[in-house]
């Protein structure tokens with residue numbers, strides 16, 4: 001699956017994007033609407049914050065520029081959730097945990113956030129049939 005961050009980034013340049021999670025995010029199932037906006041000009045780092053509150057707030061990352069072989073596969077039922085037959089309108093982000101020592105920072109590759117760039121419908125997908133880790137060190141190559 002490719003990325004579509006550019007389409008998401010350009011879809012609403014002057015406003016923050018509001019995306020809707022029908023099922024919420026793991027641990028925050030009751031919160032359905034989030035603001036999504038990029039934190040850097042390259043579109044790699046994003047902020048995902050509850051629309052009606054300051055919390056929760058997550059750092060989300062475009063995994064593709066950082067992890068060469070990341071290729072999550074969505075099931076047919078997950079594609080059906082978005083009303084899509086393919087992945088061309090879907091954007092994938094992973095939630096990051098940024099540590100005081102940046103070398104210890106990790107991303108969750110096992111449960112990416114998938115967003116339909118047209119409808120702004122989103123879902124955290126758990127990749128059941130994959131070996132992707134929950135805690136993948138972001139700066140692996142720097143060690």
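The values are calculated or read from the model by the stated rules, or taken from the named source; none is laboratory data. The model shown is predicted, which means the values in this text are computed figures rather than measured ones. Counting neighbours? That spans all protein chains shown, and the Cβs are built from the backbone with ideal geometry, glycine included.
Close Cβ contacts (under 9 Å, 6 or more residues apart or on different chains) running from residues in region 6-29 that are on the phi > 0 side of the Ramachandran plot to residues that are surrounded by 15 or more Cβ atoms within 10 Å (Cβ to Cβ) and modelled with pLDDT of 50 or more comprise 24/31; 24/32; 24/124. Filtering region 64-84 down to residues that are in contact (Cβ under 8 Å) with a residue 60 or more places away in the chain and surrounded by 12 or more Cβ atoms within 10 Å (Cβ to Cβ), which residue is nearest to residue 36 (Cα to Cα)? In this case the residue turns out to be 64. For first residues located in region 85-107 and free of Cβ contacts under 8 Å to residues at least 12 places away in the same chain, partners that are surrounded by 13 or more Cβ atoms within 10 Å (Cβ to Cβ) and part of a strand (DSSP E or B) and lie 6+ apart or on another chain with Cβ distances below 9 Å form the pairs 99/106.
For region 130-139, the count of residues that are touching a strand residue (DSSP E or B) at 6+ places or on another chain (Cβ under 7 Å), part of a loop (DSSP other than H, G, I, E, B), in contact (Cβ under 8 Å) with a residue 24 or more places away in the chain and within 21 Å of residue 20 (Cβ to Cβ) is zero. Those residues that are surrounded by 19 or more Cβ atoms within 10 Å (Cβ to Cβ), modelled with pLDDT of 95 or more and under 12 Å from residue 63 (Cβ atoms), I need them from region 110-143; list them, please. Matches in region 110-143: 112, 113, 114. Tell me whether region 41-53 contains one or more residues that are under 16 Å from the mean Cα position of the chain (by Cα), closer than 21 Å to residue 20 by Cα, crowded, with 18+ Cβ neighbours inside 10 Å and touching a residue at least 60 places away in the same chain (Cβ under 8 Å). Within region 41-53, one or more residues are under 16 Å from the mean Cα position of the chain (by Cα), closer than 21 Å to residue 20 by Cα, crowded, with 18+ Cβ neighbours inside 10 Å and touching a residue at least 60 places away in the same chain (Cβ under 8 Å).
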